[in-house]
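Visitor: Please find one structure pasted underneath; my questions will follow.
The values are calculated or read from the model by the stated rules, or taken from the named source; none is laboratory data. Nothing here was measured: the structure is a model prediction, and the numbers come from that model. Counting neighbours? That spans all protein chains shown, and the Cβs are built from the backbone with ideal geometry, glycine included.
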Amino acid sequence: MLQVAWLRVDTQTILTIATHVITKNHRIAVTHSGHRAWSLHIRETRKTDSGWYMCQVNTDPMSSITGFLEVVVPPDILDYPTSTDMVVREGSNVTLRCAATGTPEPTVTWRREAGGTISLSNWQAGSIVGPELEITRITRLHMGPYLCIASNGVPPTVSKRILLTVHFQPMVWIENQLVGGYEGQTVTLECRSEAHPSPITYWTKPSNETIANDENYKVETIPRGLYEILMKLVIKSVRAQDFGTFRCVATNSLGETDGKIKLYKIDKPPTTRKPGSRRESKKTWKIDHNHEKKAIGMKDEPMLKGDDIGDEQIDFQSATASSSFHRHLFMNFGITTMTVILAGGLST
């Protein structure tokens, strides 16, 4: 009767003979189906199970066949020597490391978590392949989280997040260094600062006093990204003592920087009437009952005769071609007093 045995070649270990398991490995089993089919089963395969196996039949001469088992393993990133979060000074050199294991050997790819390119010494790329990422003369633009991604075709792909923090002393930018204003006006002064660690910021008056929020001033600090802030000073009602040089100051553990804005006095603009406004003027004429007398207060106007005067109104068509008139007539003893309201156009 033929006897079939399974062996581990590299260790020369007999695993099974016929339907009996010889090894003490509880994950090993053997089945016999049909006259010539013998199958070796390995449960819960591990990387250590990889290697050469032999099926041997006790014929004369003995016959055998070998096969190689490769156990694939998903990638894993080792805590060491993989880099952790790093804090560096601007201008220094940095190397980020990512150690990954798996079968087949994983490929490591670096990317920025927020997208965008990785800037190296002479070029830029959306991703870098390799276990190390070297950055020379680092700047604040390199600051942010990076991902090292390990993959080998066996799911799942894994990644680790490494936060790169760059420290640098404050810098200040001012778009408008000269600002004009008049007394009573509301004026806003602005500075833009970049610094990390985040700076302490404040404003000083022309008298060099530090400004706090009160009824005359409002100080605002608005974050803009990882390391940029907008500094705003609102002068609610400019006073005489506000004309002069204001300073915006940013300071952190690495240094202090300030910027200067000069507030100078300008004339208050004149007020103007609203478009379409009208002004009414009032004139009074006294008319004698003698028919040939000219109206007092009118020049180069036609004669007004008694029989032209009615009890209620008089039409002064010839007084002006462009103005509209409202007429009111008041009769006294022997004297006619006439009040004319002239509705004129826009007066400046």
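Visitor: Hey, can you tell me all the residues within the range 36-85 that are touching a Gly at 6+ places or on another chain (Cβ under 8 Å) and charged (D, E, K, R)?
Guide: Asp76, the sole residue that qualifies.
Visitor: Report, by residue number, each residue of the range 208-260 that is touching a helix residue (DSSP H, G or I) at 6+ places or on another chain (Cβ under 7 Å) and of a type in the set (Ser, Thr, Tyr).
Guide: Answer for the range 208-260, where residues must be touching a helix residue (DSSP H, G or I) at 6+ places or on another chain (Cβ under 7 Å) and of a type in the set (Ser, Thr, Tyr): just Tyr227.
Visitor: I'd like to verify a number: residues in the range 57-69 that are in a loop (DSSP other than H, G, I, E, B) and exposed (fewer than 11 other Cβ atoms within 10 Å of the Cβ), how many? Quick ask: steps written out before the conclusion?
Guide: We begin by selecting, within the range 57-69, every residue in a loop (DSSP other than H, G, I, E, B); these are 58-62.
Those still in the list that are exposed (fewer than 11 other Cβ atoms within 10 Å of the Cβ) too: 59-62.
The qualifying residues number 4.
Visitor: Filter the range 24-47 down to the residues that are touching a residue at least 12 places away in the same chain (Cβ under 8 Å) and outside any strand (DSSP E or B) and list them by number.
Guide: The answer is Arg27, Arg43, Glu44, Thr45, Arg46, Lys47.
Visitor: Can we say Ser277 is assigned to a strand (DSSP E or B) and modelled with pLDDT under 95? It would help to see each step written out before you state the result.
Guide: Values: assigned to a strand (DSSP E or B): no; modelled with pLDDT under 95: yes.
Considered against the rule, which asks whether it is assigned to a strand (DSSP E or B) and modelled with pLDDT under 95, Ser277 comes out as no.
Visitor: Let me ask another. Could you grab me the full set of residues in the range 66-113 that are under 30 Å from Leu7 (Cβ atoms) and not hydroxyl-bearing (Ser, Thr, Tyr)? If you could, list the steps in order and put the result at the bottom.
Guide: First, pick out the residues of the range 66-113 that are under 30 Å from Leu7 (Cβ atoms): 66-74, 101-105.
Gly67, Phe68, Leu69, Glu70, Val71, Val72, Val73, Pro74, Gly102, Pro104, Glu105, listed by residue number.
Visitor: I need the full set of residues from the range 105-124 which are at pLDDT 95 or above and either touching a Cys at 6+ places or on another chain (Cβ under 6 Å) or of a type outside the set (Val, Ile, Thr) (or both), in order please.
Guide: Glu105, Pro106, Val108, Trp110, Arg111, Arg112, Glu113
Visitor: Take the range 1-23 and flag every residue that is closer than 26 Å to Val73 by Cβ and assigned to a strand (DSSP E or B).
Guide: Answer for the range 1-23, where residues must be closer than 26 Å to Val73 by Cβ and assigned to a strand (DSSP E or B): Trp6, Leu7, Arg8, Thr13, Leu15, Thr16, Val21.
Visitor: Does any residue of the range 33-40 turn out to be touching a Leu at 6+ places or on another chain (Cβ under 6 Å) and closer than 16 Å to Leu15 by Cα?
Guide: no
Visitor: Output the strands (runs of 3 or more DSSP E) that fall wholly within the range 201-266 and possess 1 or more residues being in contact (Cβ under 8 Å) with a residue 40 or more places away in the chain and among the β-branched types (Val, Ile, Thr), or say none.
Guide: Hits in the range 201-266: 228-235, 244-252, 255-265.
Visitor: Oh, and also: Looking at Thr139, Thr109, Thr117, Thr103, which is the one that is free of Cβ contacts under 8 Å to residues at least 60 places away in the same chain, in contact with a helix residue (DSSP H, G or I) (Cβ under 8 Å, 6 or more places away or on another chain) and not aromatic (Phe, Trp, Tyr)?
Guide: Thr103
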